[in-house]
Amino acid sequence: MSKILVFGHKNPDTDTIASAIAFDYYLEKLGYDSEAVALGEPNEETAYALEHFNIEAPRIIETAANEVSQVALVDHNEPQQSVNDIKDVEVTYVIDHHRINGFETAHPLYYRAEPIGSTASVLYKMFEEKDFDIPSAVAGMMLSAIISDTLLLKSPTTTQEDEKIAYRLAKIAEVNLEEYGLDLLKAGTNLSSKSAEELLNSDSKVFDMHGHQVQIAQINTVDFADVTSRKEEIIEAVNATLINSDVELFVVLVTDILENNSFAYVVGQNMDAVETAFQQQVFDQEIQLPGVVSRKKQIVPQLTDALEG
Ligand code: ZN
Ligand code: ZN
């Protein structure tokens, strides 16, 4: 049987890395020859989880078709978020929890998406359905994915299932959910060591919204001042990425993970759509987003609607 590469989206987050590791394990259990890989370096939060559970970071790939003909996607489906040569390989599995956009295949495939807090939660259900045991370290990574994607079960994307699953995984991984969760989230908020480019790239995705290319980066912090003190530098870095790019609007979502609140820097075109989407004025390239923590649920749908027509 030929090998299957398993990977999540570009600018990998904890759910993408953890889900690749967990789904690789699941596929091996099913008898496949598979390998979890990544489309970039783990961020600091993910690195903290990998180290805590003593798991090696997945190998980084640039392209897939040079090594395999089949791939499994976790935590994404939109082609521009995937490996560069996604068109040259066959997608045999998608396990996801995002909107479906721009995705198509020539062949039948296994596709499972649920509107739930993390891809790891979907995978937990799949393990349960097959009666597969989850090794403690894999459980720890899956738990980290849920904590990361739901901001410790506080994001509006969190479902009761995520909560139940998180407590079960914490038990298998032998960690205290609240204590470990806060340590994990804080590990991802060490911003001073990062350049403005790194801040923008560590959790950044491009979305096609009715033909408009919109890039949305999210920066988590425990103190807005750590970001606002670097506003000029950040806007400059955004402007630099917009040169020679087809992205027309760049949103830098800055989220206080303790207060569950956000604001954003917005650069580019369609500011009126931004104001319509969030019912707030843009002042000096800045917009307040009270109560917003989820890019997927509180930014992308609203902006997509506002950019229609
Ligand atoms: Zn993700
Ligand atoms: Zn996710």
SER229 at pLDDT below 95, more than 21 Å from ASN270 (Cα to Cα) and more than 19 Å from the chain's Cα centre (by Cα): no
Where GLY140 falls short, out of the listed (1) within 30 Å of ALA225 (Cβ to Cβ); (2) part of a helix (DSSP H, G or I): (1)
Spans of strands (runs of 3 or more DSSP E) in segment 174-279 with at least 1 residues outside the structural domain of HIS76 (by TED's automatic domain parsing), in contact with a His (Cβ under 8 Å, 6 or more places away or on another chain) and not polar (S, T, N, Q): 204-209, 249-256
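Each row is one residue, and each column tells you yes or no for (1) modelled with pLDDT under 95; (2) open to solvent by 50 Å² or more (accessible area, probe 1.4 Å).
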| residue | (1), (2) |
| --- | --- |
| LYS186 | yes, yes |
| GLU198 | yes, yes |
| SER204 | yes, no |
| GLU236 | no, yes |
| ALA240 | no, yes |
| GLU248 | no, no |
| LEU253 | no, no |
Any hit, segment 132-140, residues being at pLDDT 95 or above, within 17 Å of LEU185 (Cα to Cα) and in the same structural domain as ASN43 (by TED's automatic domain parsing): yes
Selection from segment 103-129 of residues that are more than 14 Å from ligand 2 (Cβ to nearest atom) and either acidic (Asp, Glu) or open to solvent by less than 60 Å² (accessible area, probe 1.4 Å) (or both): PHE103, GLU104, THR105, LEU109, LYS125, MET126, PHE127, GLU128, GLU129
Which numbered condition VAL37 fails, given (1) closer than 18 Å to PHE132 by Cβ; (2) within 16 Å of ligand 1 (Cβ to nearest atom): (1)
Checking GLN215 against (1) without any contact (Cβ under 8 Å) to a residue 40 or more places away in the chain; (2) under 24 Å from VAL266 (Cβ atoms); (3) of a type in the set (S, T, N, Q); (4) open to solvent by 40 Å² or more (accessible area, probe 1.4 Å), the condition it does not meet: (4)
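Consider GLY8 carefully, then state whether it is within 16 Å of ligand 1 (Cβ to nearest atom), under 12 Å from the mean Cα position of the chain (by Cα) and of a type in the set (Gly, Ala, Ser). Steps first, please.
Numbers: within 16 Å of ligand 1 (Cβ to nearest atom): yes; under 12 Å from the mean Cα position of the chain (by Cα): yes; of a type in the set (Gly, Ala, Ser): yes.
It is true that GLY8 is within 16 Å of ligand 1 (Cβ to nearest atom), under 12 Å from the mean Cα position of the chain (by Cα) and of a type in the set (Gly, Ala, Ser).
The values are calculated or read from the model by the stated rules, or taken from the named source; none is laboratory data. A quick note: this is a predicted structure, and the numbers were derived from the prediction, not measured. A quick note on method: Cβ atoms are made from the backbone with ideal geometry, for glycine too, and the neighbour counts reach across all protein chains shown. Surface accessibility is based on the protein's heavy atoms, side chains included, excluding ligands, DNA and RNA. Shrake-Rupley method; radii C 1.70, N 1.55, O 1.52, S 1.80 Å.
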